[in-house]
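S.K.: Sharing a structure with you now.
The values are calculated or read from the model by the stated rules, or taken from the named source; none is laboratory data. Fair warning: this is a prediction, and the values are worked out from it, not measured in the lab. So basically every Cβ, Gly included, is an ideal-geometry build from the backbone, and we count neighbours across all protein chains shown. All accessible areas refer to the heavy atoms of the entire protein, side chains included, with ligands and DNA or RNA removed. Shrake-Rupley method; radii C 1.70, N 1.55, O 1.52, S 1.80 Å.
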Amino acid sequence: MQERIDKIKLTFKNLLKEASDSAGLENLRVRFLGKKGDVTSLFLDMKTMKPSERKEIGALVNSLKNFVAKEIVKRGEDIKNLELLETINSLQPFDVSRPANFGKGSYHPITLVEREVEEIFRSMGFIVEEFPEVVDEYQCFESINIPPHHPARDMQDTYYLSDSRVLKTHTSAAQNEVMRKYGAPLKAVFPGRCFRNESTDSSHETTFFQMEGMMIGEGVSISNLIYFMKTMLSEIFKAAVKVRLRPGFFPFVEPGFELDIGCMICNGSGCSSCKNSGWIELCPCGMIHPNVLKMGGVDDEKYTGFAFGLGLTRLAMMKYSVADIRSFNSGNLKILSQFFTA
Ligand code: PHE
(Lines give C-alpha, C1' and ligand atoms only; values in the text may rest on other atoms or scores of the structure.)
Protein backbone atom coordinates (compact mmCIF):
# COMPACT_ATOMS: atom_id res chain seq x y z
CA MET A 1 0.00 0.00 0.00
CA GLN A 2 2.77 2.38 0.97
CA GLU A 3 4.35 1.77 -2.40
CA ARG A 4 1.10 2.54 -4.22
CA ILE A 5 0.74 5.78 -2.30
CA ASP A 6 4.27 6.88 -3.20
CA LYS A 7 3.72 5.98 -6.84
CA ILE A 8 0.50 7.95 -7.06
CA LYS A 9 2.17 10.94 -5.44
CA LEU A 10 5.04 10.82 -7.89
CA THR A 11 2.76 10.48 -10.93
CA PHE A 12 0.68 13.37 -9.64
CA LYS A 13 3.74 15.59 -9.17
CA ASN A 14 4.94 14.90 -12.70
CA LEU A 15 1.59 15.45 -14.30
CA LEU A 16 1.06 18.64 -12.29
CA LYS A 17 4.17 20.14 -13.84
CA GLU A 18 2.69 19.54 -17.29
CA ALA A 19 -0.77 20.99 -16.57
CA SER A 20 -0.56 24.39 -18.23
CA ASP A 21 -4.20 25.47 -18.54
CA SER A 22 -7.47 25.28 -16.60
CA ALA A 23 -8.81 22.41 -18.71
CA GLY A 24 -5.69 20.30 -18.17
CA LEU A 25 -5.83 20.96 -14.44
CA GLU A 26 -9.46 19.90 -14.29
CA ASN A 27 -8.58 16.60 -16.02
CA LEU A 28 -5.90 16.08 -13.41
CA ARG A 29 -8.36 16.68 -10.59
CA VAL A 30 -10.79 14.15 -12.02
CA ARG A 31 -8.01 11.62 -12.54
CA PHE A 32 -6.87 11.75 -8.89
CA LEU A 33 -9.80 13.01 -6.81
CA GLY A 34 -12.80 12.15 -9.03
CA LYS A 35 -15.26 9.34 -8.21
CA LYS A 36 -13.07 6.75 -9.88
CA GLY A 37 -9.85 8.68 -9.23
CA ASP A 38 -6.58 7.18 -8.05
CA VAL A 39 -6.78 8.64 -4.55
CA THR A 40 -10.47 7.85 -4.20
CA SER A 41 -9.81 4.21 -5.10
CA LEU A 42 -7.27 4.02 -2.25
CA PHE A 43 -10.04 4.89 0.18
CA LEU A 44 -12.25 2.17 -1.34
CA ASP A 45 -9.50 -0.41 -1.08
CA MET A 46 -8.99 0.41 2.59
CA LYS A 47 -12.39 -1.06 3.35
CA THR A 48 -10.98 -4.59 3.09
CA MET A 49 -8.07 -3.91 5.46
CA LYS A 50 -7.74 -4.92 9.05
CA PRO A 51 -8.72 -2.15 11.49
CA SER A 52 -5.14 -1.86 12.90
CA GLU A 53 -3.69 -1.39 9.41
CA ARG A 54 -6.53 0.88 8.35
CA LYS A 55 -5.70 3.51 10.95
CA GLU A 56 -2.09 3.92 9.88
CA ILE A 57 -2.73 3.74 6.14
CA GLY A 58 -5.81 5.91 6.49
CA ALA A 59 -3.67 8.76 7.81
CA LEU A 60 -1.27 8.42 4.86
CA VAL A 61 -4.06 8.31 2.30
CA ASN A 62 -5.70 11.31 3.90
CA SER A 63 -2.53 13.33 3.81
CA LEU A 64 -2.05 12.33 0.14
CA LYS A 65 -5.57 13.53 -0.60
CA ASN A 66 -4.95 16.86 1.17
CA PHE A 67 -1.65 17.30 -0.63
CA VAL A 68 -3.22 16.69 -4.06
CA ALA A 69 -6.18 19.01 -3.34
CA LYS A 70 -3.93 21.82 -2.08
CA GLU A 71 -1.52 21.57 -5.00
CA ILE A 72 -4.38 21.70 -7.49
CA VAL A 73 -5.77 24.90 -5.92
CA LYS A 74 -2.31 26.47 -5.86
CA ARG A 75 -1.64 25.60 -9.49
CA GLY A 76 -5.15 26.82 -10.42
CA GLU A 77 -4.30 30.28 -9.10
CA ASP A 78 -1.03 30.38 -11.00
CA ILE A 79 -2.79 29.33 -14.20
CA LYS A 80 -5.50 32.00 -13.73
CA ASN A 81 -2.84 34.70 -13.37
CA LEU A 82 -1.00 33.45 -16.40
CA GLU A 83 -4.16 33.38 -18.46
CA LEU A 84 -5.00 36.96 -17.39
CA LEU A 85 -1.53 38.09 -18.37
CA GLU A 86 -1.96 36.45 -21.75
CA THR A 87 -5.26 38.28 -22.31
CA ILE A 88 -3.66 41.59 -21.35
CA ASN A 89 -0.74 40.99 -23.68
CA SER A 90 -3.03 40.12 -26.55
CA LEU A 91 -4.83 43.49 -26.26
CA GLN A 92 -3.92 46.43 -28.48
CA PRO A 93 -1.15 48.28 -26.71
CA PHE A 94 -2.01 51.76 -25.45
CA ASP A 95 -0.38 54.29 -27.70
CA VAL A 96 0.59 57.31 -25.62
CA SER A 97 1.68 59.22 -28.70
CA ARG A 98 -1.76 59.17 -30.31
CA PRO A 99 -3.37 62.63 -30.52
CA ALA A 100 -6.04 63.24 -27.91
CA ASN A 101 -9.55 64.48 -28.66
CA PHE A 102 -9.22 68.20 -28.17
CA GLY A 103 -12.78 69.07 -29.26
CA LYS A 104 -14.29 71.29 -26.61
CA GLY A 105 -17.90 71.07 -25.54
CA SER A 106 -20.20 74.03 -25.45
CA TYR A 107 -23.27 75.35 -23.76
CA HIS A 108 -26.57 74.13 -25.10
CA PRO A 109 -28.18 76.72 -27.41
CA ILE A 110 -31.05 77.12 -24.95
CA THR A 111 -28.60 77.90 -22.16
CA LEU A 112 -26.94 80.48 -24.40
CA VAL A 113 -30.24 82.19 -25.13
CA GLU A 114 -31.33 81.96 -21.50
CA ARG A 115 -28.19 83.68 -20.26
CA GLU A 116 -28.44 86.38 -22.88
CA VAL A 117 -32.05 87.16 -21.99
CA GLU A 118 -31.21 87.10 -18.26
CA GLU A 119 -28.47 89.65 -18.86
CA ILE A 120 -30.81 91.93 -20.80
CA PHE A 121 -33.41 91.85 -18.02
CA ARG A 122 -30.78 92.31 -15.34
CA SER A 123 -29.61 95.45 -17.12
CA MET A 124 -33.22 96.69 -16.94
CA GLY A 125 -33.29 96.17 -13.16
CA PHE A 126 -34.97 92.74 -12.97
CA ILE A 127 -33.85 90.10 -10.47
CA VAL A 128 -33.29 86.56 -11.78
CA GLU A 129 -34.67 83.66 -9.72
CA GLU A 130 -34.56 79.86 -9.96
CA PHE A 131 -37.44 77.61 -8.97
CA PRO A 132 -37.93 73.83 -8.77
CA GLU A 133 -39.35 71.76 -11.62
CA VAL A 134 -41.60 69.80 -9.28
CA VAL A 135 -44.28 72.01 -7.73
CA ASP A 136 -47.59 71.40 -6.01
CA GLU A 137 -50.86 71.77 -7.88
CA TYR A 138 -51.69 74.85 -5.86
CA GLN A 139 -48.62 76.70 -7.14
CA CYS A 140 -49.08 75.55 -10.72
CA PHE A 141 -52.81 76.25 -10.94
CA GLU A 142 -54.93 77.42 -8.00
CA SER A 143 -52.60 80.21 -6.87
CA ILE A 144 -52.81 81.79 -10.32
CA ASN A 145 -56.55 81.69 -10.69
CA ILE A 146 -56.98 78.25 -12.29
CA PRO A 147 -59.35 76.33 -9.98
CA PRO A 148 -59.48 72.48 -10.18
CA HIS A 149 -62.52 72.38 -12.47
CA HIS A 150 -61.18 74.99 -14.93
CA PRO A 151 -60.92 73.89 -18.59
CA ALA A 152 -57.55 75.68 -18.89
CA ARG A 153 -56.12 72.65 -17.07
CA ASP A 154 -56.88 70.42 -20.05
CA MET A 155 -54.43 72.35 -22.19
CA GLN A 156 -51.78 71.91 -19.56
CA ASP A 157 -51.95 68.21 -18.84
CA THR A 158 -48.72 67.01 -17.27
CA TYR A 159 -47.16 64.33 -15.10
CA TYR A 160 -49.00 64.09 -11.80
CA LEU A 161 -46.85 62.79 -8.96
CA SER A 162 -48.01 61.68 -5.52
CA ASP A 163 -49.02 64.24 -2.82
CA SER A 164 -50.73 66.40 -5.46
CA ARG A 165 -47.43 67.47 -6.92
CA VAL A 166 -46.83 67.95 -10.65
CA LEU A 167 -44.01 68.60 -13.08
CA LYS A 168 -44.62 72.28 -13.72
CA THR A 169 -46.43 73.06 -16.95
CA HIS A 170 -45.32 76.67 -17.10
CA THR A 171 -43.01 79.02 -15.27
CA SER A 172 -46.12 80.90 -14.09
CA ALA A 173 -46.15 78.22 -11.37
CA ALA A 174 -43.66 80.37 -9.46
CA GLN A 175 -45.58 83.66 -9.69
CA ASN A 176 -47.19 83.22 -6.29
CA GLU A 177 -43.92 82.36 -4.58
CA VAL A 178 -42.08 85.29 -6.15
CA MET A 179 -44.74 87.73 -4.94
CA ARG A 180 -44.69 86.21 -1.46
CA LYS A 181 -40.92 86.31 -1.34
CA TYR A 182 -40.33 89.84 -2.62
CA GLY A 183 -43.64 91.67 -2.23
CA ALA A 184 -44.40 94.79 -4.29
CA PRO A 185 -42.98 96.70 -6.08
CA LEU A 186 -41.26 93.90 -7.96
CA LYS A 187 -39.28 93.25 -11.17
CA ALA A 188 -38.28 89.63 -11.63
CA VAL A 189 -37.63 87.01 -14.31
CA PHE A 190 -37.49 83.29 -13.56
CA PRO A 191 -36.52 80.78 -16.24
CA GLY A 192 -37.31 77.08 -16.02
CA ARG A 193 -37.97 73.77 -17.70
CA CYS A 194 -41.63 72.94 -18.27
CA PHE A 195 -43.44 69.71 -19.08
CA ARG A 196 -46.69 69.01 -20.90
CA ASN A 197 -48.58 66.16 -22.44
CA GLU A 198 -48.07 67.08 -26.10
CA SER A 199 -48.12 65.27 -29.41
CA THR A 200 -44.69 66.26 -30.60
CA ASP A 201 -44.07 67.85 -33.98
CA SER A 202 -41.56 70.35 -35.35
CA SER A 203 -42.86 73.10 -33.07
CA HIS A 204 -44.15 71.15 -30.02
CA GLU A 205 -42.19 69.26 -27.39
CA THR A 206 -43.15 67.61 -24.11
CA THR A 207 -40.22 69.32 -22.43
CA PHE A 208 -39.34 72.93 -23.14
CA PHE A 209 -38.04 76.09 -21.52
CA GLN A 210 -39.78 79.31 -20.66
CA MET A 211 -38.81 82.49 -18.93
CA GLU A 212 -41.46 84.10 -16.81
CA GLY A 213 -41.31 87.78 -16.09
CA MET A 214 -43.26 89.97 -13.68
CA MET A 215 -43.25 93.66 -13.07
CA ILE A 216 -45.48 95.01 -10.32
CA GLY A 217 -45.65 98.61 -9.24
CA GLU A 218 -47.90 101.63 -8.90
CA GLY A 219 -49.34 102.60 -12.28
CA VAL A 220 -47.71 99.79 -14.30
CA SER A 221 -49.63 99.52 -17.57
CA ILE A 222 -49.79 97.72 -20.90
CA SER A 223 -47.46 100.38 -22.37
CA ASN A 224 -44.76 99.22 -19.94
CA LEU A 225 -45.34 95.67 -21.01
CA ILE A 226 -45.00 96.50 -24.72
CA TYR A 227 -41.91 98.64 -24.11
CA PHE A 228 -40.07 95.88 -22.20
CA MET A 229 -40.99 93.23 -24.74
CA LYS A 230 -39.83 95.31 -27.69
CA THR A 231 -36.58 96.31 -26.00
CA MET A 232 -35.80 92.73 -25.09
CA LEU A 233 -36.49 91.38 -28.58
CA SER A 234 -34.49 94.02 -30.40
CA GLU A 235 -31.56 93.40 -28.00
CA ILE A 236 -31.69 89.67 -28.64
CA PHE A 237 -32.00 89.80 -32.40
CA LYS A 238 -29.87 92.92 -32.79
CA ALA A 239 -32.38 94.07 -35.40
CA ALA A 240 -35.90 95.38 -35.59
CA VAL A 241 -38.27 92.47 -35.07
CA LYS A 242 -41.76 92.33 -36.51
CA VAL A 243 -44.14 92.03 -33.59
CA ARG A 244 -47.91 91.72 -33.32
CA LEU A 245 -50.19 91.60 -30.30
CA ARG A 246 -53.41 89.57 -30.37
CA PRO A 247 -55.93 89.05 -27.61
CA GLY A 248 -55.26 85.79 -25.76
CA PHE A 249 -56.92 84.12 -22.81
CA PHE A 250 -55.09 83.04 -19.67
CA PRO A 251 -56.94 82.92 -16.35
CA PHE A 252 -54.10 84.70 -14.56
CA VAL A 253 -54.05 87.85 -16.71
CA GLU A 254 -56.68 90.39 -17.67
CA PRO A 255 -56.43 91.56 -20.38
CA GLY A 256 -54.30 88.82 -21.89
CA PHE A 257 -52.34 88.82 -25.15
CA GLU A 258 -50.39 86.63 -27.47
CA LEU A 259 -47.26 88.35 -28.62
CA ASP A 260 -46.13 86.95 -31.98
CA ILE A 261 -42.98 87.68 -33.94
CA GLY A 262 -42.51 87.29 -37.70
CA CYS A 263 -41.14 83.79 -38.37
CA MET A 264 -37.41 83.98 -38.94
CA ILE A 265 -37.09 80.50 -40.38
CA CYS A 266 -39.10 81.42 -43.51
CA ASN A 267 -39.12 85.23 -43.17
CA GLY A 268 -42.87 85.21 -43.01
CA SER A 269 -43.60 83.22 -46.13
CA GLY A 270 -44.86 80.20 -44.16
CA CYS A 271 -43.15 76.96 -43.07
CA SER A 272 -43.76 74.00 -40.78
CA SER A 273 -42.20 75.83 -37.80
CA CYS A 274 -44.84 78.57 -37.98
CA LYS A 275 -47.62 76.31 -39.22
CA ASN A 276 -47.57 78.27 -42.48
CA SER A 277 -48.81 81.45 -40.80
CA GLY A 278 -45.59 83.43 -41.05
CA TRP A 279 -45.87 84.19 -37.31
CA ILE A 280 -44.56 82.46 -34.19
CA GLU A 281 -46.28 82.71 -30.82
CA LEU A 282 -43.36 83.72 -28.69
CA CYS A 283 -44.54 85.46 -25.61
CA PRO A 284 -48.01 85.21 -24.11
CA CYS A 285 -48.47 88.05 -21.68
CA GLY A 286 -50.95 90.34 -19.98
CA MET A 287 -51.85 92.43 -16.97
CA ILE A 288 -51.77 90.35 -13.80
CA HIS A 289 -55.28 89.41 -12.63
CA PRO A 290 -56.25 91.08 -9.31
CA ASN A 291 -57.03 87.65 -7.82
CA VAL A 292 -53.46 86.56 -8.53
CA LEU A 293 -52.07 89.68 -6.85
CA LYS A 294 -54.32 89.11 -3.83
CA MET A 295 -53.30 85.46 -3.51
CA GLY A 296 -49.67 86.56 -3.67
CA GLY A 297 -50.22 88.94 -0.77
CA VAL A 298 -50.02 92.07 -2.95
CA ASP A 299 -52.45 94.97 -2.46
CA ASP A 300 -54.44 94.93 -5.71
CA GLU A 301 -55.95 98.36 -5.02
CA LYS A 302 -52.54 99.99 -4.90
CA TYR A 303 -50.55 97.95 -7.39
CA THR A 304 -50.89 96.71 -10.94
CA GLY A 305 -48.45 94.65 -12.95
CA PHE A 306 -47.73 92.67 -16.05
CA ALA A 307 -46.53 89.13 -16.54
CA PHE A 308 -45.18 87.28 -19.54
CA GLY A 309 -44.14 83.73 -20.36
CA LEU A 310 -41.36 83.95 -22.93
CA GLY A 311 -40.83 80.72 -24.88
CA LEU A 312 -37.08 80.30 -24.52
CA THR A 313 -36.99 77.21 -26.70
CA ARG A 314 -38.86 78.96 -29.49
CA LEU A 315 -36.59 81.95 -29.10
CA ALA A 316 -33.55 79.69 -29.55
CA MET A 317 -35.18 78.23 -32.68
CA MET A 318 -35.63 81.69 -34.15
CA LYS A 319 -32.27 83.04 -33.13
CA TYR A 320 -30.29 80.06 -34.45
CA SER A 321 -32.69 79.09 -37.28
CA VAL A 322 -33.33 75.62 -35.90
CA ALA A 323 -36.36 74.41 -37.86
CA ASP A 324 -37.30 71.46 -35.64
CA ILE A 325 -37.79 71.90 -31.89
CA ARG A 326 -37.04 68.19 -31.33
CA SER A 327 -33.41 68.80 -32.31
CA PHE A 328 -32.77 70.44 -28.94
CA ASN A 329 -33.50 67.36 -26.86
CA SER A 330 -32.28 64.83 -29.38
CA GLY A 331 -28.65 64.76 -28.26
CA ASN A 332 -27.78 64.76 -31.96
CA LEU A 333 -24.24 66.12 -32.12
CA LYS A 334 -24.59 67.03 -35.80
CA ILE A 335 -26.89 69.81 -34.64
CA LEU A 336 -25.53 70.58 -31.19
CA SER A 337 -21.89 70.64 -32.32
CA GLN A 338 -22.64 73.75 -34.36
CA PHE A 339 -22.57 75.57 -31.04
CA PHE A 340 -19.19 74.13 -30.05
CA THR A 341 -16.60 76.75 -29.40
CA ALA A 342 -13.42 75.53 -31.05
N1 PHE B 1 -48.05 80.50 -18.51
C2 PHE B 1 -48.62 80.72 -19.81
C3 PHE B 1 -48.40 79.47 -20.66
O4 PHE B 1 -47.41 78.83 -20.54
C5 PHE B 1 -48.03 81.91 -20.47
C6 PHE B 1 -48.30 83.23 -19.80
C7 PHE B 1 -47.45 83.71 -18.84
C8 PHE B 1 -49.39 84.01 -20.21
C9 PHE B 1 -47.67 84.94 -18.25
C10 PHE B 1 -49.62 85.21 -19.64
C11 PHE B 1 -48.78 85.69 -18.66
O12 PHE B 1 -49.23 79.13 -21.50
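S.K.: Under a plain spin-label model, where a point goes 7 Å from the Cα along Cα-to-Cβ, how far apart in nm are Phe249 and Asp136?
M.R.: Distance between the two pseudo-spin positions: 2.9 nm.
S.K.: Okay, next question. Would you kindly state how much longer the chain becomes between Asn81 and Ser63 on full extension, computed as 0.36 nm times their sequence separation minus their alpha carbon distance, in nm to one decimal?
M.R.: Additional length available on full extension: 3.7 nm.
S.K.: Using only alpha carbon pairs under 8 Å that are at least six residues apart, calculate the relative contact order of segment 109-339 and give it in whole percent.
M.R.: Relative contact order here is 22 percent.
S.K.: Restricting everything to alpha-carbon atoms, can you work out Rg to Rh for segment 226-328 with a Kirkwood hydrodynamic radius?
M.R.: That ratio is 1.05, to two decimals.
S.K.: Which distance in Å, rounded to a whole number, links the C-alpha centroids of segment 134-171 and segment 197-218?
M.R.: What the calculation gives is 14 Å, centre to centre.
S.K.: Something else now. Can you sort Glu26, Glu71, Glu56, Glu77 by solvent-accessible area, 1.4 Å probe, largest first?
M.R.: From most accessible down to least: Glu56, Glu77, Glu26, Glu71.
S.K.: In the chain, with Lys and Arg counted as +1 and Asp and Glu as -1 at Cβ, which of these residues, Gln210, Gly296, Ile127, has the Cα nearest the positive end of the dipole, that is, farthest along it?
M.R.: It is Gln210.
S.K.: With +1 on each Lys and Arg Cβ and -1 on each Asp and Glu Cβ, how big is the dipole of segment 109-339 about its Cα centre, in debye rounded to the nearest 20?
M.R.: 680
S.K.: Let me ask something else about it. Mind listing which GluC sites (Glu not before Pro) in segment 208-295 are in a DSSP loop and have 15 or fewer other Cβ atoms within 10 Å?
M.R.: Those that pass, being in a loop and sparsely packed, are Glu218.
S.K.: Hey, another quick one. If you keep only loop residues by DSSP, which trypsin sites (Lys or Arg not before Pro) in segment 55-120 have at most 12 other Cβ atoms within 10 Å of their Cβ?
M.R.: Lys104
S.K.: Still on this model: Excluding Trp279 itself, calculate the net charge of residues whose Cβ lies under 13 Å from the Cβ of Trp279, where each Lys or Arg counts +1 and each Asp or Glu counts -1.
M.R.: For residues surrounding Trp279, the net value is +2.
S.K.: Taking 7 Å along the Cα-to-C-beta vector as the label spot, tell me the Asp299-Lys104 distance in nanometres, rounded to one decimal.
M.R.: 5.2
S.K.: Quick one: how many Å² of His204 are accessible to a 1.4 Å probe, rounded to 10?
M.R.: The accessible area comes out at roughly 40 Å².
S.K.: Return, for the Cα atoms of segment 2-90, the radius of gyration and Dmax in Å, separated by a comma.
M.R.: Both quantities, over Cα of segment 2-90: 15.6, 58 Å.
S.K.: If you stretched the chain out fully between Asn267 and Asn329, how much longer would it get, using 0.36 nm times the residue separation minus the C-alpha to C-alpha distance?
M.R.: 19.8 nm
S.K.: Rounded to whole Å and sorted largest first, what semi-axes of the equivalent ellipsoid does the C-alpha gyration tensor of segment 59-165 yield via the square root of 5 times each eigenvalue?
M.R.: Whole-Å semi-axes of the equivalent ellipsoid: 68, 31, 12.
S.K.: Within 10 Å, at most 14 other Cβ atoms, and a DSSP state outside H, G, I, E, B define an exposed site. Report the longest part of the chain free of exposed chymotrypsin sites (Phe, Trp or Tyr not before Pro).
M.R.: 1-93
S.K.: Next question. Cross-link partners among lysines for Lys275, C-alpha distance below 23 Å, same-chain residues fewer than 8 apart left out?
M.R.: Hits, sequence-local ones excluded: Lys242, Lys319.
S.K.: Grab the other residues whose beta carbon is less than 12 angstrom from that of Leu25, score K and R as +1, D and E as -1, and report the net.
M.R.: -1
S.K.: Go ahead and run the numbers for FRET between Arg54 and Asp201, Cβ-Cβ distance against an R0 of 51 Å, rounding to 0.05.
M.R.: According to the calculation, E is roughly 0.05.
S.K.: Here is a follow-up. For Ser221 and Gln338, what does the FRET efficiency come to when R0 = 35 Å and r is the distance between their Cβ atoms, rounded to the nearest 0.05?
M.R.: With a Förster radius of 35 Å, E is 0.25.
S.K.: Work out, step by step, the length gained on full extension between Leu161 and Lys7: first 0.36 nm times the residue separation, then minus their alpha carbon distance; give nm to one decimal.
M.R.: 47.8 nm
S.K.: Just to confirm my numbers, what's the Cα centroid distance between segment 1-73 and segment 247-303 in Å?
M.R.: 90
S.K.: Given Leu15, Phe32, Thr48, which one lies farthest toward the positive end of the charge dipole of segment 1-73, if we put +1 on the Cβ of every Lys and Arg and -1 on the Cβ of every Asp and Glu?
M.R.: Working it through, the farthest residue towards the positive pole turns out to be Thr48.
S.K.: Further question on the same structure: Assigning unit charges at the beta carbon (Lys, Arg +1; Asp, Glu -1) and nothing else, what dipole magnitude in debye, to the nearest 20, does segment 192-313 show about its Cα centre?
M.R.: In debye, rounded to 20, segment 192-313 gives about 340.
S.K.: What is the projected area of the convex hull of the Cα atoms of the chain, averaged over all directions, in nm²?
M.R.: Mean projected area of the Cα convex hull: 32.5 nm².
S.K.: Where nothing but the Cβ of Lys and Arg (+1) and of Asp and Glu (-1) is charged, how large is the charge dipole of segment 2-90 around its Cα centre, in debye to the nearest 20?
M.R.: For this selection, approximately 500 debye.
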